[in-house]
Structures are given as C-alpha cells and as structure tokens.
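Contents: one structure, followed by commentary.
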Amino acid sequence: MLEEIKQAIIRGDAKKATELVSKALAENISVEKILNEGLIAGMNVVGVKFKNNEFYVPEVLIAARAMNQAMAILQPEIAKAGIKPQGKVAIGTVKGDLHDIGKNLVSMMWKGAGFEVIDLGIDVPEEKFVEAAKNGAQLIGLSALLTTTMPAMKDVIEKLKAEGIRDKVKVIIGGAPVTQAYADEIGADGYAPDAGSAVDKAKELLGLQ
Ligand code: B1M
C-alpha cells in the first residue's frame with residue numbers, strides 16, 4: 001500500500017493518491033508511515049528525477065499537486081499524531097522580482113521533504129525575511145530571476161546582520177542567474193541550482209543528513 005502511494009505521487013495521480021491515503025488510514029497504517037514511506041518517499045524520487053532531467057517542470061507540478069491533495073487528507077491526522085516537522089523554513093522571491101514558478105517548486109519540494117514552509121510570496125522586502133527569521137524560521141530561501149534583483153539577496157543578508165540575527169539563520173539562494181560564486185560573494189550559506197538540490201542543501205545546512 002505504501003509503495004502504491006509512493007508510485008501514485010511519482011505519477012502525479014492525485015485521485016489514486018488521495019484514495020490510497022484514505023484507505024491506508026482506514027486500515028490503521030500509521031500517519032508517520034504514510035507520510036514518510038508513501039508521500040515524502042514519492043516526492044524524494046520526483047526531486048531526484050527533476051535533478052537528473054528525467055522530469056521537467058510540468059511533472060513536478062503535477063506530482064506536487066497530488067502530494068498537496070493527499071496531504072490535505074492526512075493533515076488532521078498529523079495534527080492529532082503530533083508529528084513534528086523537520087524544521088521551519090521561509091522562502092520568497094526578492095524585492096522587485098515577480099517570478100514565482102521556480103520559487104513555488106522549491107517551496108513544494110521543501111514541503112514534500114517534511115519542512116514547515118512559510119511562503120512569503122513575490123517582491124518580498126528584506127524586512128519580511130528578517131521578520132520570518134525572528135518568528136522562528138531556521139532557514140531562509142531567496143529566489144531571484146533577474147540580474148537586476150540579485151543585489152536584493154545581499155540586502156537581505158546585510159539586514160540580518162544589522163539586526164544581529166545573521167548567525168541564527170541559514171540562507172540559501174537560487175534562481176536562473178544565481179551561481180555558487182555569487183552565493184560566496186554575498187555570504188549566503190548555500191546555493192542550489194534546482195528544486196531537488198534545494199532539498200539536499202536545506203537538509204545539509206540544518207544538519208539533517
Ligand atoms: Co521574465 N525574465 N521578466 N517573466 N521570464 C526571464 C527571467 C528572462 C531570462 C527572459 C529573457 O529575457 N530571456 C529575463 C531576465 C533577464 C535577466 O535579468 N538576465 C526576464 C525579464 C527581462 C523579465 C521582465 C523584466 C520583462 C519585462 O517586463 N520587460 C519582467 C520582470 C518582472 C519582474 O519580475 N519585475 C518579466 C516578467 C515575466 C512574467 C511575469 C511574464 C513571467 C513570470 C511569471 C511567474 O513567475 N509567475 C516571466 C517568465 C515566465 C520568464 C521565463 C520565460 C521563465 C521563468 C521560469 O519560470 N522558469 C524566463 C526565461 C527563462 O528562464 N527561460 C524569464 C521556470 C522555472 C522552473 O525556473 O525560475 O529558474 P527557475 O527556477 C529553477 C531554478 O532557478 C531553481 O529551481 C527552480 C527549479 O529547478 N531556483 C531555486 C529558483 N529559485 C530558487 C531558490 C532556491 C533554490 C533554487 O533556494 C531558495
């Protein structure tokens with residue numbers, strides 16, 4: 001049953017995934033098993049396939065939709081079972097930038113990996129990222145698609161320093177024009193070239209792998 005849930009997520013079959021999750025709950029399979037060995041296991045495979053160019057954006061979005069629908073059924077049970085998320089992370093597209101497709105993919109993959117994700121949206125001023133860090137986000141993800149908005153990533157890091165909380169939060173940056181060299185230059189903790197790698201990088205920076 002768990003393998004079937006995993007495969008339904010990989011195929012992006014929302015109908016099957018939700019049916020199977022309901023069936024698994026009815027058969028008293030634990031919420032933790034359904035989540036870890038079914039849904040998250042499926043999204044992990046999607047992440048790897050995306051990273052290896054075996055899956056493209058549409059497949060990832062369809063899988064993420066199946067994951068979200070199945071999660072909606074599981075959510076009340078997760079609350080009852082008291083399962084703790086892997087960590088609290090915040091993500092947003094930086095100030096002046098309205099591109100959100102890549103940011104949404106990273107957000108979905110992080111959710112799929114078991115993180116509590118605060119999605120701050122697009123055109124996010126540095127103060128909002130700082131506020132998220134003050135409210136408990138252990139990691140902040142910054143996305144930029146324009147060369148003209150990349151400096152706003154540095155502004156966020158400088159603002160975190162100015163507020164005296166730079167050492168309390170990890171910062172990952174990404175987006176088509178962004179590079180590891182730029183991450184090094186502005187003092188970000190990490191860079192990820194795609195949504196699958198963003199999961200690995202977040203886990204690495206939070207000491208989860
Ligand atoms: Co815009 N746009 N756009 N655009 N747009 C680009 C980025 C551009 C390269 C097109 C081009 O000229 N060839 C160009 C930027 C040039 C540059 O600066 N070097 C550009 C431009 C110039 C503009 C405008 C200025 C156009 C204008 O008005 N004159 C304008 C700017 C608006 C603004 O933001 N202020 C503009 C507007 C738009 C639309 C609104 C029409 C639309 C956005 C719709 C939306 O996002 N809801 C749009 C789109 C769709 C694009 C292209 C075509 C596609 C971007 C995309 O979604 N890719 C893009 C050209 C291109 O890339 N081929 C282009 C798919 C997405 C999955 O990839 O976002 O790279 P990506 O995300 C990847 C990775 O980068 C990474 O993971 C994702 C998945 O693998 N990643 C992260 C992303 N964020 C990450 C964060 C992480 C880690 C990894 O950690 C936190």
May I ask for the angle, rounded to the nearest 10°, between helix 151-162 and the longest principal axis of the chain, with both axes built from Cα atoms and the value confined to 0 to 90°? 80
Taking N as the number of residues in segment 88-205, what is its Cα Rg relative to 2.2 N^0.38 Å? 0.91
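Probe of 1.4 angstrom, ligands and nucleic acids ignored: what's the accessible area per residue over the chain, in square angstrom?
Working: 9740 Å² over 209 residues.
With the other protein chains kept in place, the chain gives 47 Å² per residue.
Using the beta-carbon distance between E54 and D13 and R0 = 22 Å, what value does 1/(1 + (r/R0)^6) give for FRET efficiency, to the nearest 0.05?
Details: r = 18 Å, r/R0 = 0.80.
Using R0 = 22 Å, I get an efficiency of 0.80.
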Tell me, what % of the accessible area of segment 63-194 is carbon and sulfur with a 1.4 angstrom probe? 53
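Assuming a ≥ b ≥ c are the square roots of the Cα gyration tensor eigenvalues, decide whether the chain counts as rounded (a/c under 1.5), prolate (otherwise, with a/b larger than b/c) or oblate. Please report the intermediate quantities before stating the final value.
Values: a/c = 2.38, a/b = 1.73, b/c = 1.37.
It comes out prolate by the Cα gyration axes.
Can you compute the FRET efficiency between S22 and L208 using 1/(1 + (r/R0)^6), with r the Cβ-Cβ distance and R0 = 45 Å? Round to the nearest 0.05.
On the way: r = 30 Å, r/R0 = 0.66.
For R0 = 45 Å, the calculated efficiency reads 0.95.
Under 12 Å from the Cβ of L142, count the other residues' Cβ atoms, weight Lys and Arg +1, Asp and Glu -1, and hand me the total.
On the way: positive: K95, K103, K128, K154, K159, K170; negative: D97, E126, D155, D189.
With Lys, Arg at +1 and Asp, Glu at -1, the net is +2.
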Mind giving me the FRET efficiency for N36 and T148? R0 is 45 Å, r the Cβ-Cβ distance, nearest 0.05 is fine. 0.60
Determine one quarter of the surface area of the Cα convex hull of segment 2-81, which equals its mean projected area, and express it in nm² to one decimal. 4.5
Taking the chain as the reference, fit the longest principal axis to its C-alpha atoms, fit the long axis of helix 41-51 to the helix C-alpha atoms, and give the angle between the two in degrees, 0 to 90, nearest 10. 50
S197, S22, reordered so the largest accessible area comes first (probe 1.4 Å): S22, S197
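Give, rounded to the nearest 20 debye, the magnitude of the charge dipole that segment 2-81 has about its Cα centre when Lys and Arg contribute +1 at Cβ and Asp and Glu contribute -1 at Cβ.
On the way: 10 positive and 10 negative charges, 35 e Å.
Charge dipole, segment 2-81, about its Cα centre: 160 debye, nearest 20.
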Count of lysine pairs in segment 58-120 with Cα atoms under 18 Å apart, counting only pairs 8 or more residues apart in sequence or on different chains? 5
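The values are calculated or read from the model by the stated rules, or taken from the named source; none is laboratory data. Keep in mind that what you see is a predicted model, and the values were worked out from it rather than measured. Positions of Cβ are backbone-derived with ideal geometry, glycine not excepted, and every protein chain shown enters the neighbour counts. Keep in mind that these areas ignore ligands, DNA and RNA; they rest on the heavy atoms of the full protein, side chains included. Shrake-Rupley method; radii C 1.70, N 1.55, O 1.52, S 1.80 Å.
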